[in-house]
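Structure, as structure tokens:
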Amino acid sequence: MSLLAKAPAPALTALWETQKAPPGFEWLRPPETGGVMIRGRMGGTGAPFNVGEMTVTRCALRLESGEVGHAYVQGRDKAKARIAALIDALMQTARADALREAVLEPLAESHRAARSARAERAAATRVDFFTMVRGED
């Protein structure tokens, strides 16, 4: 679910469109957009505080075969939420292996590559400090 929520909408849509036609489904909760409060902690251990609000779109659906899928995605992209919920539901069916190979693994690789590139850019700005000792004791 995290991978689907973090995936760029164009990449997720392009990978989804390579799949065979999605099965029929009914909405349990059609895509709706709202806000959530983001909380943080200083140093990971301090008292929690409100950082700010973020827009989120959520939905839930049931496939004709009975599997239920949920999605929460950042922003207002209802189509991305629908695709994420469909994938969540289909991962509970016989199509799970095919979806993992065709959609989830490429998204995971893209996410790893982006993290690596970001880490390399940050490492390029690293400064090492050292102290020189004068004389001998």
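The values are calculated or read from the model by the stated rules, or taken from the named source; none is laboratory data. Remember, predicted model here, so these are calculated numbers, not experimental data. FYI the Cβ positions are ideal-geometry reconstructions off the backbone, even for glycines, and counts take in every protein chain you see. Protein only, heavy atoms only, side chains kept; ligands, DNA and RNA dropped before computing areas. Shrake-Rupley method; radii C 1.70, N 1.55, O 1.52, S 1.80 Å.
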What FRET efficiency comes out for GLU105 versus SER65 if R0 is 22 angstrom and r is the Cβ-Cβ distance? Round to the nearest 0.05.
0.35
Report, to the nearest whole %, how much of the accessible area of the range 33-135 belongs to carbon and sulfur atoms, 1.4 Å probe, protein only.
52
With every protein chain in place, the accessible area of PHE25 for a 1.4 Å probe, in Å² rounded to the nearest 10, comes to 70
Among [x] 104; [y] 130; [z] 193, which is the computed volume of the Cα convex hull per residue in Å³?
[z]
Under unit Cβ charges (Lys, Arg +1; Asp, Glu -1), what dipole magnitude, rounded to 20 debye, does the range 38-132 have relative to its Cα centre?
380
Calculate, for the range 9-137, the solvent-accessible area per residue in square angstrom, rolling a 1.4 angstrom probe over the heavy atoms of the protein chains.
70
Approximate spin-label separation ASP97-ARG76, in nm, with each point projected 7 Å along Cα-to-Cβ
4.3
Largest to smallest accessible area among LYS80, LYS6 [probe 1.4 Å]:
LYS6, LYS80
So how do 51-63, 33-45 stack up, highest first, on mean other-Cβ count within 10 Å?
51-63, 33-45
Value at 222 nm in deg cm²/dmol, rounded to 500, when DSSP H runs of n ≥ 4 in the chain each add -39,500 (n - 2.57):
-10500 deg cm²/dmol
Express in whole angstrom the spacing between the alpha-carbon centres of the range 1-32 and the range 70-137.
18
